[in-house]
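Structure record follows, encoded as structure tokens.
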Amino acid sequence: MLKRETLHEVICQVSPQAVVELCSKLVGIPSTSGREEKIAHFLSDLLKSLGYDIVTTDDMGNVVGRQMFNPGGKRLLFESQMDHVDVRDAIEWSFYPYGGIVNNGHLCGRGAVDAKGSLAAMIIAASELKRHAKFLGLSGELAVACVVNQEVAEGVASSKVHELFEPDGVVIGEASNLNIKRGQRGRAELIIEVQGKSAHTSLPLSGVNAAEKMVFLLSYVRQHFLPPRHYLLGDGILVLTDLTTSPSSGTSVLPDRCVATFDRRLLAGETEGQVLEEISRLISLARDIDPDINADVRISEDYVECFTGKRIRVKHFAPGWFFEESEELVEKALRGLRSAGMDPSLSESGFGTNGCYYGGIKGIPTISFGPSEEKLAHTKDERLDVDQLVKATRGYMSIAASFLEG
């Protein structure tokens, strides 16, 4: 087992200046979803300059750097996103959103919390582990994946990373206040569509008003939907987020189509078929009361463009995931962080993360860990505590050293 004194000696050599400067540079490169080309090129060159053994960029634009240790060990993946949400109110910020300045112990700018701080810390951590690999006695392989389009298509980029690198464990870089998140509720975007029959509003009985049928159906679903519950993840809630009719701007015309959009939070183990079947059952029961209800339910789909030009069809169903405290990755992450002098707690993520692919679809042991708090992501005046950024770097090193010890 890796000695605490040995690990502590190594992680204390991490340069706070190096990780802060890298995070500042990343914040200084705007990279909204689908526009990550500049930061991807920067990161590819950076990983090569840091001496990563293999650096690749796939056709989605994901940049993956790999560090090889002694043969025969496990494979661990660090993954964090390159993209961030847009800045819509720059004039209201107290500082330039892409300045990456450090002020009063905080690194300021869009994406600092979600998740360029985590990404910078992971990159430096893997580089430092390679430098001290013989001293630490590490085996196996560590990859750092810098991925695209996480904000608009959870897990899609991860599926491409997995084709290149099949890990035994995954650490997602997301704000966790330096605690270990061992699960999250997933998310499905459900579409309920009601078909009616158009008619002049002066003769409503000659048609079927799709909007009125939808009002009844929504009321029925709200009354009879029973959300499943997980003892840690919470409830698999169903929330109405949008409602439209067609035609929407006509006068004196009964709408012949009404579409409702729902956000359904998913618990670990829930499948697409189960989620759709439950809503279909409620529609059928509502139809027993009103035979004129003509409705169906589906998972929302659309397309996402990558900066490489690749166009991806995305189904908005990101499964939930959860791992027990006895899972090897969880145990070793806790051990490693405690060896580094940290005192992490176990909890679940409120964020949607790419863990939905690794943990939810592939069943690969997954945790998320990173600096700062979830509530500070996507906010005006987004800022990251520098002390937590440095501790996160040491934390990533400790997790990897514990998981990959020879």
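The values are calculated or read from the model by the stated rules, or taken from the named source; none is laboratory data. Predicted model, so just to flag it, every value in this text is computed and none were measured. Every residue, glycine among them, receives a Cβ derived from its backbone with ideal geometry; neighbour counts consider all protein chains shown.
For Pro344, which of the numbered conditions (1) more than 13 Å from the chain's Cα centre (by Cα); (2) assigned to a helix (DSSP H, G or I) fails to hold? Exception for Pro344: condition (2).
Of the strands (runs of 3 or more DSSP E) entirely within the stretch 88-201, those holding at least 3 residues that are surrounded by fewer than 24 Cβ atoms within 10 Å (Cβ to Cβ) and touching an Asp or Glu at 6+ places or on another chain (Cβ under 9 Å) occupy 139-147, 186-195. Applying the criterion of being among the small types (Gly, Ala, Ser), modelled with pLDDT under 95 and not in a strand (DSSP E or B) to the residues of the stretch 212-252, the residue that is surrounded by the most Cβ atoms within 10 Å (Cβ to Cβ) is Gly250. Screening Gly61, Gly51 for residues that are crowded, with 22+ Cβ neighbours inside 10 Å, out of contact with any strand residue (DSSP E or B) (no Cβ under 8 Å at 6 or more places or on another chain), modelled with pLDDT of 95 or more and more than 18 Å from Val113 (Cα to Cα) leaves exactly one candidate, Gly61. Candidates in the stretch 13-48 are the residues that are of a type outside the set (Gly, Ala, Ser) and assigned to a loop (DSSP other than H, G, I, E, B); of these, the one that is surrounded by the fewest Cβ atoms within 10 Å (Cβ to Cβ) is Gln13. Val10 meets each of the listed conditions (1) among the aliphatic types (A, V, I, L, M); (2) surrounded by 24 or more Cβ atoms within 10 Å (Cβ to Cβ); (3) closer than 20 Å to Lys332 by Cα apart from (2). Cβ separations smaller than 7 Å between residues 6+ apart or across chains give the following pairs from the stretch 276-296 residues that are surrounded by 15 or more Cβ atoms within 10 Å (Cβ to Cβ) to residues that are among the basic types (Lys, Arg): Ile293/Lys213; Ile293/Arg287.
Within the stretch 72-129, the set of residues being in contact (Cβ under 8 Å) with a residue 24 or more places away in the chain and on the phi > 0 side of the Ramachandran plot comprises Gly72, Gly100, Gly105, Gly109, Gly111. Screening Lys116 with (1) touching a helix residue (DSSP H, G or I) at 6+ places or on another chain (Cβ under 9 Å); (2) over 14 Å from Val27 (Cα atoms) gives one miss only, at (2).
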